[in-house]
1. Right, Ala294: away from the ligand (no atom under 15 Å from the Cβ), in the same structural domain as Leu206 (by TED's automatic domain parsing), over 23 Å from Val103 (Cα atoms) and touching a helix residue (DSSP H, G or I) at 6+ places or on another chain (Cβ under 8 Å) or not?
2. For a quick check of your reading: which strands (runs of 3 or more DSSP E) sit entirely within the range 207-287 and have at least 1 residues that are of a type in the set (Asp, Glu)?
3. Going through the range 378-404 one residue at a time, which ones are of a type in the set (A, V, I, L, M) and either out of contact with any Pro (no Cβ under 8 Å at 6 or more places or on another chain) or assigned by TED's automatic domain parsing to the domain that holds Cys228 (or both)?
4. How do the pairs read when you match residues in the range 310-322 that are more than 30 Å from Ser69 (Cβ to Cβ) with residues anywhere that are hydroxyl-bearing (Ser, Thr, Tyr) and within 16 Å of the ligand (Cβ to nearest atom), using Cβ under 8 Å and keeping only pairs 6 or more apart or on different chains?
5. Checking Ala312 against (1) among the small types (Gly, Ala, Ser); (2) within 16 Å of the ligand (Cβ to nearest atom); (3) assigned to a helix (DSSP H, G or I), only one condition comes out false. Which one?
6. Which numbered condition in (1) over 30 Å from Ser289 (Cα atoms); (2) crowded, with 21+ Cβ neighbours inside 10 Å; (3) touching a residue at least 60 places away in the same chain (Cβ under 8 Å); (4) of a type outside the set (Gly, Ala, Ser) is the only one that Gln183 fails?
7. Just give me the residues in the range 61-87 being out of contact with any strand residue (DSSP E or B) (no Cβ under 8 Å at 6 or more places or on another chain) and either within 15 Å of the ligand (Cβ to nearest atom) or not in a helix (DSSP H, G or I) (or both), in sequence order.
8. Which residues, counting only those in the range 21-36, are without any contact (Cβ under 8 Å) to a residue 60 or more places away in the chain and of a type in the set (Gly, Ala, Ser)?
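The values are calculated or read from the model by the stated rules, or taken from the named source; none is laboratory data. Note that the coordinates shown come from a computational prediction; the quantities given were computed from them, not determined experimentally. Counting neighbours? That spans all protein chains shown, and the Cβs are built from the backbone with ideal geometry, glycine included.
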Amino acid sequence: MTGYLFRNISLLEPSVGELQSGMEIRIEGDKVVAVSDRPIPPGAAEIIDCGGRVVMPGLIDSHVHVMLSEVFTPRLEGVPLTLATGRAAVLMRGMIDRGFTTVRDTGGADWGIRQAVDEGSIAGPRLFIAGQAIGPTGGHSDGRRRTDVFGARCHCCNAMAFTMCVSDGVSEVRKAAREQMRQGADQVKIMMSGGVASPYDPLDSLQFSDGEIAAAVEEAEAFGRYVCAHAYTPIAITRAAAAGVRTIEHGNLIDAPAAKAMAEKGMFLIANLVAYYAMKERAADFGMSGDMLAKNDLVIDGGLRSLEICKAAGVPVAYGSDLLGALQVDQSREFLLRSAVLSPLEIIRSATTIGAQVIRMEGKLGTLAPGAFADLIVIDGNPLQNLGLFQEQGRHLAAIMKGGRFHKRVIH
Ligand SMILES: [Zn+2]
C-alpha cells in the first residue's frame, strides 16, 4: 500500500473557519495530494474511515524552548548537554502527543536536535530553530552569577552557555547573528528588554543599542532570515518596529501606539499567557526566586489586554507557550486562557494559519490544502465548540500524523 485515504471526515480547515462534513483527504508520501467532498479514488492507498471525526492541520506553537529543562534557569548551569538533550527528547514527545506537529524554538535548540527529529531518532514536532538567543552583557541572555566576572565558558559543558549568547557592540552582535545562521538558525533571536526568568535585569530595561539591533536585522535579512525580539514594554516594542524586527515575543505590556507601529510594519506578536500563570502557581516549587516571581506579577495582568489591543490594531497574534522545564505539560492550556477574550476559531487560527505565516510556511503548514505537508490531527469532537478537546495531554486525539507518518493512531 502507498499512502492513506481518510474518509468520512469533518474537515476543519482554519482558513475556511467552519466544519465541512463528508470530506476525504488523500495522503501520498509526506504531502496532502487531494481534498474533496466527493469520493477520491483510493488507488493503492490504505483507506481509513474516520467515522465523522474532525480532522484539522497539526498545531503550531510559535514560542517554545525544548532545551530549557529547568524552571529556575540558573540551574541550567549544572546541566550537561547530554542531560539537556535527553530531557528535550521527553519534552518534545509530550508536545507531539498533544497535537503540536510544529514548534518554533526561540532559544536553545540547535541544528543537531532538529536533525535528530528529522531523522526519526527522536519523536517530536518539526523544529524551527534560533540557535542561541543573543543579548547584551547583563541582559536577559546573561545567565552569569554576579560573582562571575570574566564570562568565557565552554559551550559543551552546560546547557546555560549552550542556549544563550552574550554580545556587545555592533560587530559582536553582527558576528553572533552570522554564527547562529551559519549553524542553521531559521530565525535570529535577540533580547530587547528585561525578562522574568533572568535574575538581575529590570523588566523595563532597554537591551541593545539601535546600532546593535540594526546589525542583527541587516544580517538576518541578508541571509534570508528574520529577527524575533524578546520585548515587554511599549518602548521596547516600538524600537523593534523601527529597526525592522519581524516578530515580538511576549509583548504583554503593549499599548495601542506600539501595536499601531507593529501593524504598519506587518509584524506579528507571539503571546504566551500560560507561562505566567504556570509560573505564578508552581514555579516556586521548582526554585524560581522571589525577584523573578515579582517580575512575573508585573506582566501577568497585561496578557489578555495585549490580545485585545492587537486585535483592535490588526496585528496577527500567534500561539505561544514559552513554558520552562516541567511546566511544559501546560502547553495546551493557552487555548483555554485566550478564550476569555477570543473565539475558538481565532485561537485555532493562531495555532495554525498565523503560526505558518510566522515561520514563512504558508500553504505548507497550518493547512490541509493539496501540496501541504501531511501534518494532521483527528479529534474526538469539535474544537470550535470545545477547546477542552486539546487538553489532557492529547487524550482526545484519535490520530496524530506528521509528514505522512502516524505518531499516534487509534482508528482504522
Ligand atoms: Zn522564551
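1. The answer is no for Ala294.
2. Values: elements: 227-231, 247-250, 268-271.
Qualifying strands (runs of 3 or more DSSP E): 247-250.
3. Here is the first cut: in the range 378-404, the ones of a type in the set (A, V, I, L, M) are 378-379, 384, 387, 389, 397-401.
Within the range 378-404, Val378, Ile379, Leu397, Ala398, Ala399, Ile400, Met401 meet the criteria.
4. Short answer, once both residue conditions are applied: none.
5. (2)
6. (2)
7. Going residue by residue through the range 61-87, those that are out of contact with any strand residue (DSSP E or B) (no Cβ under 8 Å at 6 or more places or on another chain) are 68-87.
The answer is Leu68, Ser69, Glu70, Val71, Phe72, Thr73, Leu76, Val79, Pro80.
8. Kept after step one, since they are without any contact (Cβ under 8 Å) to a residue 60 or more places away in the chain, are these residues of the range 21-36: 21-24, 26, 36.
Result: Ser21, Gly22, Ser36.
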